[in-house]
Every structure is written in structure tokens, then in C-alpha cells.
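Take a look at the structure set out below.
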Amino acid sequence: MSGGTQLENANPVIFERSGERLLTAADEDEDVHDPIDDREIFDLIRSINDPEHPLSLEELNVVEQFRVKVNDTDSNVDVEFTPTIPHCSMATLIGLSIKVKLLRSLPDRFKLTSTFWKTLLPIYNAFLQCMILLLPI
Amino acid sequence: MLLTEELLATEEFFFCFVFLRLRIRVRVDGFMWIRIKGLKNGEFTVQQLVEALGLSLTSTQPQTRARGVKLLSEVLQECYGDLTEKEVEVLIAFYENRLKDHHVTTPPVLQGLRTLTQCPTLPSGSAVSILKSLFQDVHVQSLLLPDRACVYKMLINIMDTREAELKGLGADFVFGFVQSMDGERDPRNLLLAFQIARKIIHRGYNLGKFTEELFEVTSCYFPIDFTPPPNDPHGITREELIKELRHVLTGTPKFAEFLLPLIIEKLDSDVQSAKLDSLQTLAACVALYEHKDLAEFLEGLWASLRREVFQTSSEKIESAGLAALTAITCCLSRKVLNSDSEDALSAFLDMVLKDCKHHLSEPDLKLVWPSAKLLQAACRASNRASHIVTAAVMPALIEQYNSRNQCSHRRTLLEVIQRFIQSVKGSESPENEEQVLSGICPSLCCVTFAALSETNSSLQVTATSVLSSLTKQTGLLSNSQIELAVDHLARLVLSDEDDAVSLAVVACAGGLAELHPTVFITNMIPRIKRVIFSESMKQDGESMQNTQPAVRQRCLSVLAVVSTKPCVAQESTPVLLEVLNAAHSGEVGFSLEEAVLACHSLKRIAERVEDTKDSGRCFHDIIIPQLLSLALQAALQGENSSTRHSPLAEEAFLSTMVAVISTACSRLQSKLAGQTAERFVSLFLDGDVSFLPGNSFPSHIKLLANQQDSWKQSQMVCLLMGCVCSLPRTVMVPQMERLLSELEEMSCTCSHPMSYTSAAKCFAGLVNKIPQGDFLDSVLQKTMTRILCELNLAASRVRTQAYTFMIWVAKALLLRYHPTCTTLTDKMFSLLDDADLGPVVADGFSLLMSDSADVLSRGCHADVRIMYRQRFFSENSTKLVQGFNVAPQEKKPNYLKALSNIVNKLPKQVQVTELPALLSLLLEALTYPDQSVQLSTLSCLEPVIADPPPALIQQLEALVGRLLPLTSAPTMKVKIASLRCIYALSRFPEHEVLPFRARVLHALATPLGDKKRLVRREAVQARGEWFLLGSPGGSSL
């Protein structure tokens, strides 16, 4: 942890977790094709633990369902996330975690982009992209 | 023989020497045996032994003397039971003298003394002299650990046997003990020392002026801070030490003046465990104390307790603090009041109230919970405390509630009020004392009813729990208040839409109905009845949208919940029967679901109603005949008019009705049960309808006779099953022989599936209960012949019927361990090869091994032996394997399916032990394309994989090889099950599964893109877990 024993965000605001996705009749129907949708991607990443706290990204509101965009036909996934505090040095690690989780969990036809919420911090966005490219995944 | 001291220095020589002098032939390796045997058999005496040891005991070398004493002590250890009083006296005198010797001789001397204290012939007075010289000559704490333990054990021995003598010693004994344990450090010895201290205190030894010393020497260990080293062989735990020490410290009120300041001091500590221990010790010690012991510390204790509860971070400490407060209040309440002394309890409670009460009325309600908890803890202690606290708090709380507007605040206040009501303690003599809450009761009711009328659902839920706790205070609520309460509940049941509220209301109504049944009879049930029927009337009117089937359903379930008393059940069941009547006649539009629900409510009433004569009569006289009559009408109606179809002839409804009848019959007293059985049998055999209400039936009904087209009548046989199969075993079913043969006929010839299955089940239920004997044998003989005959005719039209019949009979016999069962099950195994029946038979094994709900269960008083599944499995698994090996290729799936059906139902412990033998067969089963085989095999593999036996690990290659292709099977259930198995595989020992990692990850990429979301979810989980294999914390990518 970068700050030694000092947490960067010692007292985060905790958000409620959304429940499990409800099963529908279509889910059980053998003949229906379920497309990969926003909620499914969100379900994959919401339980990732924050590097600093024993809390999930969802509970810290780092990821939100409406910032997850999927296009199943074009095989595109775009995830924007919001670091808990503006200058969070953990942001790179969070981005990496999301990216790895998705790489492992999605069919390889998908192209992934995970970014900061763009209007918030464009500079980190670029930095993050570099980081991810450098890592041999 | 001349032996120098140097030669004596070697152990073997020393012993040899001693024994040579005793003229005993010595083998060095056998000397232990000899020395025991010699003394025991009287070959030599202790005196001779001492004389023989003479040289060494009188040696100038202290080491030699020590060895001499050691030998003597060890010999005594073996034979202390045989010593005479005279010998003991001499030995004690010798040992006492030796205590003054060089320090190296002390340990063996102590050992010898300890042995001597165990002697039954210990002369009186010697215990005291031992102790005197022990305390005088030995400094215990400078001894080694085992020797100190030896001293403590000696003390325990003496205390157990010579209590009177020790008490004569007076405070000197306590002083000696205090001196000897002062500074003890080892936990093993501390346990012993605490035991001694506890005995001193509890057995009333005179502490004299050493009370403080004894307290000091034990309390210095408080609070215990001890962590046993890892893999500690002695197994001493912190809890043990804490418990022993607490017994010592809390054992006497004489310690109060020392202990209470110590506790107050330790409560200031930062260590959580110290706080917890202190609070628990406090709660334990005040149980013995009186007011005078506590008086001067009350203020300090209260300040610490308040601080702990207000500022605590841990729930444990909070609850320990509250328990301590309860204990203190309890202690103060014990004091007998007399006119001249001040009232300690009210003084203490005044202090508590002064500190807590104002928090209850602060605007932001921030500290309301801790203060309320403290007050409730005090309130809980005694009746008098309850009076004082509630009188001071409740009016204020109610006023608060009325003045607040915010719902969340009001709910908090209501919850606080509810806890207070719960914690009020009733007095022991309820006749002559006023109820604690009686003064405040009207306003409490006001508040509760007002909250029940609110729109906020959480407020309503809290209000119902307040109401429940109010009613639990016996005799508190007046009749008019209860009526009002029931009124409110009824209103909520009928109007509210919130699920949480209706759940709470239904639960509250259930509790209330048990205590005040009359109000429910006069108020609730008529209202519910009105609503059930009026709502449905409206249906054809314009208020169609407003009709809520939910309300009606809730009404039906409330009727079931409130009917725990027979008198309520007598009122509620007619309503339910009326609903069924209406559903049958079709006048008011009740759907099939509602009819089923009404029937289900009847079943719940049958289960829960108190078992009295009245309730039995009610079911026997009214409910069962009416139900039968309705079912019969529905069945006959189908015959006559083809216009309307009664929902009561539906299978779903009939099976619920079977449940009602069978539950009711299984709980009837035997006389009524016999009558009911007689009625049923005469109805079904002779068409006797005389006991049915609504006398409009044709006179010649033949329900069991096989009329090909009237399946509605023939399926009624399931009701017969519900009755006769659930009777207690003592009740005789009349006309058994005729009944059995008609049932057999029906189950072998009828063409309607429900009818012939029910007939077979009914037959099986009866056969299961027939006592062993000629009658049973002849029945079985006849039945078996018929079944086998029908089954062997390949062209027979009724083979399916005969098979169904056979499997139910086989189950009935299997459950009671009847030997004939084997013939039938063997036939089943041979039928696995059958062209038509093979797959059905394989499924049948699942029926054979599982519990059926409506018949042949323990609830129906059936004869079910324990572990019949294991027995069946162990007797038949080899047959199955053999059959599989010789079967033609296309029949093998049947065997595999049968196997997995059987294994699936076995308890897990048996599965794990039996599986290695069958593993290759199960793995084989995975390769068969039949998806039900795959599915049931996977479901029995999954728990085994989660806890893998070594045999499975050896087959890992085959297992992985077969599981991976299944992840792209055509059906999603197989895919999901196989993915779960692969997930479970990742928990295997890492070095076993790591070689498969790449292969599995590659194969799992395919189901990640599956079209079904559920499959993808399992795949993601399994793949994620496999990625992490071999990388601690999942750091490698």
C-alpha cells in the first residue's frame, strides 16, 4: 500500500449493494439467446475488492451500472469508473483489476476499454492506458 | 561386598546393590518389576528396604542421599495402599526430617510425602505436622516446576481427606498456602493453586487476618493474559484459567472491598479482553454480595459501566456491561426494606435515571439506544426496579412520541418502548400486586393503535411487535383494548398491501389468537369471512380492478394462522369449507389456486391445532365428510353435465385434499380414527353415502369398480389412500382383504394414471402396516404372482400399471425390511434390460430411494426402518455392476441411470465411503449421451469432488477429460452442473490439479461465450478460480 499504514481515504462513504440479478423465465428457457448486457458486466466487476478497504468497488461507488456500456454485436465493452477521491493513487490498480477480471471472464472476441470517468480526470486516463499496455497480460 | 561411593553413583549399580542386600536375584533390566513385586508379595518389608538403603540414605554425598530417597519414594508410589499405620508414621517422621536436608534431596522427599498423603492409613495429626514442616522448611517458589506441582497436589490431597484437621490449623494454613503460591508463574501450577484457593474459600476455611493476602496473591493474575503456545501439549486454555480465577475472586463477599476497586481500575484499561473479563467477573461477584459490600463503590461502578456502554465499539463488551448492571440492580433489590434505612435500590436507580433519562428526549436521539439499553438492563433485574424505571421513563417516552413528526424518530421511540415492555419483570405473586405497566397501559395502547393507523410501513411493523409484547404481559390489557387491537389487525390484514406489514400482522395475530381466542371468534373471523365473499361478489361489477386476489389469499392464510386453539378452529374451518363449496358451485368466482390455498389452510390447521377431543371431533364429524362430499359431487358432476368443470376435480386440488385428510387422520384419537376408516371403506367398497352431508347422491356409486370412462370417480381413490394409509398402526382397517383385492384389481387394470398410481400407493401403504404373519404372506404371494405374470407377458397392455404397482409394493416392503422385497427388486434389475420399461425402471429407483410426502412416511405412522437406503445399496450395488457388465451396449445407460439415482439419494457420508468402488462406473456414465444420466451423475459427483477421496485423485485425468467436453453439451443444465464440478475441482490439492490448468482454462473459454447467461455465470466463476491456481493471492497473470 503506497501510504504505508496511512490510508489515502480513511473514511469512505459506503453505498448499498444491489442484490443478485433476478432470475427470469427467459433465463431458464433453453431456446432463448441471452445477450451479454450492462448488468452482466457490472455483476462481474462489482464484487472486486478495493485495494485499500475490505469493501467492494460497488460499495464504494467506484463502479456504477450506468457507466458500463456493452455492445454485444460489435463485441465492445467500455467501463468508466470513479476513484473515491480525486487524486487516488490506487486508480491505476483499480483499472487494472477491472481489466484483468473482464479479460478472464469474457469471450476473447471482446475489445475492452476501462477508463476513468472522462470528464473527471483526463490525465490519469492516459496514464492508465500506458500502464495497461505495458503489462504483459 | 565393598561398594565405594563412586560405584554407587551409577544408577544401575545402585539399585543392584540395594536389591542384593535384600537377597533378591537382580537383572538390571528387570529391576522395576522386581522391586514392585517383592514388596507387594511381602517378600520384604518397608523396614527391610529402609535398612537396605541404609548406606545410601546416610551417605555423606547429598546426591547419593537424594537417590536413596528417590528409590524409596518410587517404591512407596507403587505400594502406598498396603502400608500399615505404624509404617506410615515412621516414614512421615523420616521424610519430615529429610525436608531439613540438603536442597537436592527435597524433590524426592516431596514426592514421597505426596504419596504418603494418599495413604488411606494416614494417622490423624500427621497431615498437620507434614504441613507445618513443609511450610517451615521449604521455600516452594525456589523449587522446580514439577516439584511445585507436587506440593500443590499434596495440599489438594490433604484438603480432600483431612478437612477437619486443616481447619483446626486456623489461619496458619492460609498463610502457608499464600506463601507457597506467591509468585507462581506456570499456568499448569496456577490452575492447581487456584483450585486450592477456591477450596479454601468455598469450604469455609478461616481466612483470619490473611484475607487481603489471599486476595492479593490471587488477584495479581487478574485479568488473565495468557496465550497458549502453538501445539501446546498440556492443553491449558485461557478460558480455563479465567474460569478458575473467577471462582476464587467471586467466591466470598469478604473480597468485595478489594475486588471492586480492582475491577473499576481494570475497566479503564485499553485491552478489550481485560474489560470483558472485568465485566463478567463483576456480574458474577455481585450475585453473592449484599448491599453493604457494594455501597461505597456504586458510584464508581456506575460511572465505568456507563462509559463502557456509551462508548463501546464491541457488542460483547456492551452486553457484558448490561449484564453486570442487571446483576448489580438485582443485588440491590434483594435488600429487605425497613423504615429507617435509606432505599439503596431507588438511590442507585435515581443515579442511573439522572444520567440516562435526558438522552431519551434529546432532539437528535443520538444516544437514545445506549441509554435505553442501560435502563432496560436495570429494569430487567427485579419487579421493584421495573416499577421505578418504567414509572420514570415511559410517560416521557410516550410524550416524546406524540410530539415528534419524523417517522424515523417515531419508529426509534416505538422500538425503545417495545424493549421496555419486554424487559419489564413480573412479580412472583401476581395476585396481590399491581401490574408494572397497568398505570401507563391506556396511553401505551393509544400510541400503539395510532402507530398501526399510520401509513408508514416500518412504523406499523414496529407497532405490531409492541402489541405482541403488550399481550405477553398477562392480564395487562383489558378486553376492550384487546378488541380494539384485533380490530386494527383485521383492518391491516384486509387493506394493507405491504408484504412486510402483512407478515408482521399475521405473526402478531397468531400470537394474540392463542391468548385471546374469543375475540378472534367474535370479531376477526366474521370480518374476514365477509371480505372473502364480498370481494368476490364485486368481481362482476365495476370494481373489477379493485378486487385483490392478494387480499383474499392473505385472508385464507390468516385463518390458518389464528386457528391454534380448537375453539377458533371450529369457527374458521366452516369459512374455509364454505369457500370450497362456493368454488365448487361456481357461484362466486374462486379460482383453482384459491381453492387449493383454502385447502392448504385447512391442512395447516390440521397440523397446528391443539390436539384435544374437540378438534378431533370437528375434523371427524364435519370437515372430512364435507370435503369428501364436495369431492364426490365434483366427480359426479363431470359425469352428468359437460358444461361446467368444477375445479375440485382437478389433480392439484385433490392432492392438497389428500394432505388435509392424511394430516387429520394421522392425528385422530384411535376411536375416532377407527370410525373414520370404517366410513371411508364402506363408501369406497359399498357406496355407502349415508354419512355424507348434502344427500343427493345416487345410491349405487362404485368408486373402486373399474369403469373405463369415469376417471373422475376412479381417481377419488387417492382420498381413500389419504385416510387409511395415515392411520396409527394400532387402528385396524375393516374389510382389509376385500379392500386389498379391489385395490389390486384397480391398480392392475385401470387406465387412468392418477387412479392406478393412487391405488398402488394405497395398497402399498396398507401392506406396509400389516403385521407379520400368515395373512401378510398370503396377500404378498397372491400379489407377486399377479405382478410377475403381467410383467412377463410382453404383449400385455397393462405392463406399465403392473410395473407401477410393483415398485410401490417393493417400496413398502423395503421400508419394513421384509424379505420378499428382494424378489421384487431383483425383478426391477432384470427389467432394466427390458425394451419398453427399461428407462422407466431406471427412473423408478429414484422413487424407491426417496421419501414420498403423502404415503409411506413416518408422519403417516408407516413402518420405516432406519438406514434402509444404505442397506438396499449395500445389498444391491454388486448386482447392478454385474448387470452392467453383461448388459448389451444399448441397455447400459439404464444401468448407469439406476446407479446414479441410487447413489444420489444416499447420505453423503455413505457416498464418500462407497464411491471409490463405483467411481469407474460413474465416470463411464458421464460419457453416455443421455442427458438425464449425465445430470444425475454430475449431481452425485459434485459433493464428492468437494471432499475428494484419494481414489478420485488417482482418476483425475479421466475425470477432467470427461467433464470438459460436457461444458459444451447441448442442454444448459448439464453445462451448469459440469461447470460446477470443474469449479469444485480447483479446490483439489494444488500439485494434483496444476498440470491441468492450461487445458481447463482453454476449454472454459468456450462456455464464456455461451448463449445462456446462467451458463456464462458458472463458467466465469470456475475459470476465475482456475486462473488463481498456483498463484498465492492471484498475483501472477
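The values are calculated or read from the model by the stated rules, or taken from the named source; none is laboratory data. Just so it is clear, the model here is predicted, and its values are computed rather than measured. Because the Cβ atoms are built from the backbone with ideal geometry, glycine has one as well, and the counts that use them run over all protein chains shown. The accessibility values were calculated without ligands, DNA or RNA, using every heavy atom of the protein model including side chains. Shrake-Rupley method; radii C 1.70, N 1.55, O 1.52, S 1.80 Å.
Worth a mention:
- Test result for residue B:877, open to solvent by less than 10 Å² (accessible area, probe 1.4 Å) and among the hydroxyl-bearing types (Ser, Thr, Tyr): no
- Within region B:740-837, helices (runs of 4 or more DSSP H) holding 3 or more residues that are out of contact with any helix residue (DSSP H, G or I) (no Cβ under 8 Å at 6 or more places or on another chain): B:774-792
- Cross-chain or 6+ apart pairs with Cβ under 9 Å, region B:901-919 first and in contact (Cβ under 8 Å) with a residue 24 or more places away in the chain and within 21 Å of residue B:884 (Cα to Cα), then acidic (Asp, Glu) and assigned to a helix (DSSP H, G or I): B:901/B:843; B:903/B:914; B:906/B:914
- Residue in region B:65-119 that is nearest to the chain's Cα centre (by Cα), counting only those that are assigned to a loop (DSSP other than H, G, I, E, B) and farther than 24 Å from residue B:142 by Cα: B:118
- Residue under evaluation residue B:971, criteria (1) open to solvent by 60 Å² or more (accessible area, probe 1.4 Å); (2) within 10 Å of chain A (Cβ to nearest Cβ); (3) of a type in the set (S, T, N, Q); (4) in contact (Cβ under 8 Å) with a residue 40 or more places away in the chain, criterion not met: (1)
- In region B:576-616, the residues that are of a type in the set (D, E, K, R) and within 35 Å of the chain's Cα centre (by Cα): B:603, B:604, B:607, B:608, B:610, B:611, B:613, B:614
- Unmet requirement for residue B:499, which otherwise passes all of (1) closer than 21 Å to residue B:569 by Cα; (2) under 37 Å from the mean Cα position of the chain (by Cα): (1)
- Pair list, Cβ under 8 Å, 6 or more apart: region B:585-614 residue in contact (Cβ under 8 Å) with a residue 40 or more places away in the chain, other residue among the charged types (D, E, K, R) and open to solvent by less than 50 Å² (accessible area, probe 1.4 Å): B:594/B:552
- The combined condition, being within 37 Å of the chain's Cα centre (by Cα), surrounded by fewer than 16 Cβ atoms within 10 Å (Cβ to Cβ) and modelled with pLDDT under 85, is fulfilled by residue B:953.
- Residue list for region B:918-942, restricted to those being in a helix (DSSP H, G or I) and in contact with a Pro (Cβ under 6 Å, 6 or more places away or on another chain): B:933
- Filtered by the rule that a residue be assigned to a loop (DSSP other than H, G, I, E, B), within 9 Å of another protein chain (Cβ to nearest Cβ) and open to solvent by 30 Å² or more (accessible area, probe 1.4 Å), region A:30-68 gives A:30, A:32, A:33, A:35, A:37.
- Note on region B:687-714: among residues that are hydroxyl-bearing (Ser, Thr, Tyr) and open to solvent by 40 Å² or more (accessible area, probe 1.4 Å), the one that is modelled with the highest pLDDT is B:690.
- Within region A:82-102, the set of residues being under 11 Å from residue A:46 (Cβ atoms) and of a type outside the set (Lys, Arg) comprises A:98 only.
- Extreme residue, modelled with the lowest pLDDT, among residues of region B:1018-1033 that are open to solvent by 20 Å² or more (accessible area, probe 1.4 Å) and more than 8 Å from every other protein chain (Cβ to nearest Cβ): B:1033
- Of all the listed residues (B:145, B:155, B:131, B:116), the sole one being open to solvent by 10 Å² or more (accessible area, probe 1.4 Å) and either touching a helix residue (DSSP H, G or I) at 6+ places or on another chain (Cβ under 7 Å) or of a type in the set (A, V, I, L, M) (or both) is B:145.
- Index of the failed condition, residue B:958 passing every other in (1) surrounded by fewer than 18 Cβ atoms within 10 Å (Cβ to Cβ); (2) at pLDDT below 85; (3) over 37 Å from the mean Cα position of the chain (by Cα); (4) farther than 30 Å from residue A:100 by Cα: (2)
- Residue within region B:987-1002 that is within 11 Å of another protein chain (Cβ to nearest Cβ) and surrounded by 15 or more Cβ atoms within 10 Å (Cβ to Cβ) present: yes
- Number of the exception - residue B:945 against (1) open to solvent by less than 40 Å² (accessible area, probe 1.4 Å); (2) farther than 23 Å from residue A:47 by Cβ; (3) not in a helix (DSSP H, G or I): (3)
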